[in-house]
Amino acid sequence: MQDFRNLEVWRRSYELTLQVYQATRSMPAEEKYGLVSQMRRCSVSIPANIAEGCGRETKADLKRFLHIAMGSASELECQLLLAADLDFMNSDMASELIKYLTTTKKMLNALIGRIKAEITASARINQKPSISHQLPTTTYQEPATR
């Protein structure tokens, strides 16, 4: 278990969420319960899943939640593209957010790789040597009598 606030990727994803909330304020009112809600929820999901993973007991759990955060980041990227293409958001604003998001995803991917390597190394250390000292099996034959 570790303090998620010490992770740069968490701080960055948290900042991204604040930026998404700011950017969606000017989107059409009819999208309040549509695309705006979706974008806000999945942007919140990124730092929230990083935080939840850090609060879990095992590195495997942390890795699983980091993958969920990555999925939310990809979902947000798609929604930013939609918002720009539908003219709900200035395309420059969407591009800047996507650029920021892309760097965040790279950081997240690097952290996932590091956690995966730690899990693999730990598994090797904790692996018990296999004992396969089996004697060859032969059948006993009575000596031939003369």
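Data for the structure
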{"read-out": "Chain lengthening between Lys32 and Thr58 when straightened (0.36 nm per residue, less Cα-Cα)", "value": "5.6 nm"}
{"read-out": "Value of relative contact order over the chain, rounded to a whole percent, pairs C-alpha under 8 Å and six or more apart", "value": "25 percent"}
{"read-out": "Dimensionless Rg/Rh of the chain - Kirkwood Rh, Rg from C-alpha atoms", "value": "1.44"}
{"read-out": "Charge context of Ser95, other residues only, Cβ under 13 angstrom, K/R +1, D/E -1", "value": "-3"}
{"read-out": "Lysine pairs within the chain, Cα separation less than 28 Å, 8 or more sequence positions apart or different chains", "value": "15"}
{"read-out": "Diffusion constant of region 11-54 at 25 °C, which comes from Stokes-Einstein with the Kirkwood Cα-pair radius and 0.890 mPa s, µm²/s", "value": "228 µm²/s"}
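Each value in this text was obtained by applying a stated rule to the coordinates, not by laboratory testing. Please read these numbers as outputs of a predicted model, since none were measured by experiment. Every residue, glycine among them, receives a Cβ derived from its backbone with ideal geometry; neighbour counts consider all protein chains shown.
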